Amino acid sequence: QVQLQESGPGLVKQSETLSLTCTISGNSVTSNSFYWSWIRQPPGKGLEWIGYIIAGEDTYYNPALKSRASISRDTSKMQVTLRLTSVTPEDTAVYYCARYYRVTSYYDYWGQGTQVTVSS
């Protein structure tokens with residue numbers, strides 16, 4: 001019922017700001033039970049939660065990234081945007097948007113992911 005699609009630049013230079021957009025299609029209902037999340041996976045490593053935004057536009061972030069990450073919503077366009085400032089090569093990863101369903105404590109929908117490489 002829901003499809004998520006990440007988009008944005010595949011290559012970003014160190015110190016720049018990464019901006020990624022998650023486009024949501026299908027069911028347009030937004031509830032506080034859904035956390036619209038960004039998750040990333042560096043090469044050869046596990047998943048790392050970045051943060052999420054809920055329908056009321058409250059945001060929460062991984063403390064390790066809170067100073068650099070910002071998540072926003074554009075409800076009219078059904079988009080969720082991640083901005084990550086001052087990127088370094090450690091930010092190289094596949095970035096996913098996903099919907100977390102609070103009731104089941106489960107990410108019930110994922111995008112396919114988009115590769116982002118940070119270079120000097």
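Please find, within region 5-30, the residue that is surrounded by the most Cβ atoms within 10 Å (Cβ to Cβ) out of those that are within 17 Å of TYR109 (Cβ to Cβ) and at pLDDT 95 or above.
CYS22
Which residues, taken from region 46-72, are of a type in the set (D, E, K, R) and either open to solvent by less than 40 Å² (accessible area, probe 1.4 Å) or in contact (Cβ under 8 Å) with a residue 40 or more places away in the chain (or both)?
GLU48
How many residues, within region 76-88, are in contact with a Ser or Thr (Cβ under 7 Å, 6 or more places away or on another chain) and either open to solvent by 60 Å² or more (accessible area, probe 1.4 Å) or modelled with pLDDT under 95 (or both)?
Within region 76-88, residues that are in contact with a Ser or Thr (Cβ under 7 Å, 6 or more places away or on another chain) and either open to solvent by 60 Å² or more (accessible area, probe 1.4 Å) or modelled with pLDDT under 95 (or both) number 4.
Test ARG99 against the criterion of being open to solvent by less than 20 Å² (accessible area, probe 1.4 Å) and under 21 Å from SER31 (Cβ atoms), and give yes or no.
Yes: the conditions hold for ARG99.
Looking only at strands (runs of 3 or more DSSP E) that lie completely in region 5-62, which have at least 2 residues being among the aliphatic types (A, V, I, L, M)?
Because the criterion is at least 2 residues that are among the aliphatic types (A, V, I, L, M), the strands (runs of 3 or more DSSP E) in region 5-62 that meet it are 11-13, 18-26, 48-53.
Quickly run through region 33-44 and pick out the residues that are under 17 Å from LEU65 (Cα atoms) and not β-branched (Val, Ile, Thr).
Scanning region 33-44 gives TRP36, SER37, TRP38, ARG40, GLN41, PRO42.
The values are calculated or read from the model by the stated rules, or taken from the named source; none is laboratory data. Computed from a predicted structure; not experimentally measured. Please note: Cβ atoms are built from the backbone with ideal geometry, for glycine as well, and neighbour counts cover all protein chains shown. For accessibility, only protein heavy atoms count, side chains too; no ligands or nucleic acids. Shrake-Rupley method; radii C 1.70, N 1.55, O 1.52, S 1.80 Å.
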